[in-house]
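Novice: Here it is: the structure, laid out below.
The values are calculated or read from the model by the stated rules, or taken from the named source; none is laboratory data. This structure is a prediction, so every number in the text was calculated from the model and none was measured. Heads up, the Cβs are rebuilt from the backbone with ideal geometry, glycines too, and the neighbour counts pull from every protein chain shown. Surface areas here come from the heavy atoms of the whole protein model, side chains and all, with no ligands, DNA or RNA. Shrake-Rupley method; radii C 1.70, N 1.55, O 1.52, S 1.80 Å.
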Amino acid sequence: MEYAGPRYDMFKYYWRRRFTADFIDAIAGYFFALLLFQLAGFSAGYYLATHRALIPIFRAIILPVSFLVGPWCYFALLERSSHGATQGKMWLQLRVYTPEGKPVNLIGATRRHACRIAAAMFALWPLFLSGTKIPSVVHWVLLAVNVPITLRYYYRNVDRISRSQVLPREYPPSSFQG
């Protein structure tokens, strides 16, 4: 087989690297959400010990806020940083650029994170549909069918919607200025 050139080298393991980086980042984003929830719980612990009636209100507000703000801090702020990548992307030598080849700004990184939230909601709707603690077999089958479809649409559209691109560090865009 003949050598296909540098373009082939660039994309040889690109999707495997990008998917693995996103998997690592999903775990790290979840960790940041739990960390933020624990910090909020520790800080409010003394107050809630004497005001037990406020515990359900605290959980109803802090839990969703923690799981929105924690991953946003991880994804948007790290993609906006001087590295231009989250921890998973750094480990796998990927970086987020704008189409012009510049580092992504905070709004673009926030758009990328909003696409992640939307994809998670679309992927997990069968579990929300069940409405029980233990979903039935039908819900698990719907989930198994829905997740690959959602991942396909996510990877196809996230760069277009957020006006950014994820490229290997060794092949920056031709107009890269950083």
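Novice: Quick one: count up the residues across the range 28-54 that are over 30 Å from residue 85 (Cβ atoms) and open to solvent by 50 Å² or more (accessible area, probe 1.4 Å). Can you show your working first?
Specialist: Residues of the range 28-54 that are over 30 Å from residue 85 (Cβ atoms), as a first pass: 41-54.
Subsequent filtering for residues that are open to solvent by 50 Å² or more (accessible area, probe 1.4 Å) retains 42-43, 46-47, 49-54.
Total meeting the criteria: 10.
Novice: Since residue 149 meets every condition but one in (1) loosely packed, with under 14 Cβ neighbours inside 10 Å; (2) in contact (Cβ under 8 Å) with a residue 12 or more places away in the chain; (3) within 23 Å of residue 27 (Cβ to Cβ), which condition does it not meet?
Specialist: (2)
Novice: Of all residues in the range 139-178, count the ones that are of a type in the set (A, V, I, L, M), outside any helix (DSSP H, G or I) and either at pLDDT 85 or above or closer than 15 Å to residue 120 by Cα (or both). Steps first, please.
Specialist: Our first condition is that a residue be of a type in the set (A, V, I, L, M); within the range 139-178, this holds for 141-145, 147, 149, 151, 158, 161, 166-167.
After this cut, where a residue has to be outside any helix (DSSP H, G or I) as well, the list is 166-167.
Next cut, either at pLDDT 85 or above or closer than 15 Å to residue 120 by Cα (or both) only: 166.
The total comes to 1.
Novice: With the requirement that a residue be surrounded by 11 or more Cβ atoms within 10 Å (Cβ to Cβ), part of a helix (DSSP H, G or I) and modelled with pLDDT under 85, what does the range 127-138 give you?
Specialist: Matches in the range 127-138: 127, 129, 130.
Novice: On to the next question. Count, please, the residues in the range 82-126 that happen to be in contact with a Phe, Trp or Tyr (Cβ under 6 Å, 6 or more places away or on another chain), in a loop (DSSP other than H, G, I, E, B) and open to solvent by 10 Å² or more (accessible area, probe 1.4 Å).
Specialist: Adding up the residues that qualify gives 0.
Novice: Taking the range 17-76, which residues are charged (D, E, K, R) and touching a residue at least 12 places away in the same chain (Cβ under 8 Å)?
Specialist: Within the range 17-76, 17, 18, 22, 25 qualify.
Novice: Within the range 54-87, take every residue that is among the β-branched types (Val, Ile, Thr) and at pLDDT below 85 and give me the one that is nearest to residue 170 (Cα to Cα).
Specialist: Keep residues of the range 54-87 that are among the β-branched types (Val, Ile, Thr), which gives 55, 57, 61-62, 65, 69, 86.
Still in the list and also at pLDDT below 85: 55, 57, 62.
On the way: 55: 50, 57: 49, 62: 41 Å.
Among those residues, the one meeting the criterion is 62.
Novice: Related question: Restricted to the range 2-27, and to residues that are of a type in the set (A, V, I, L, M) and at pLDDT below 85, which residue is surrounded by the most Cβ atoms within 10 Å (Cβ to Cβ)?
Specialist: 10
Novice: Next question, about the same structure. Quick one: residue 169 ticks every box in (1) under 20 Å from residue 75 (Cα atoms); (2) in contact with a strand residue (DSSP E or B) (Cβ under 6 Å, 6 or more places away or on another chain); (3) open to solvent by less than 50 Å² (accessible area, probe 1.4 Å) bar one, so which box is it?
Specialist: Condition (3) is where residue 169 drops out.
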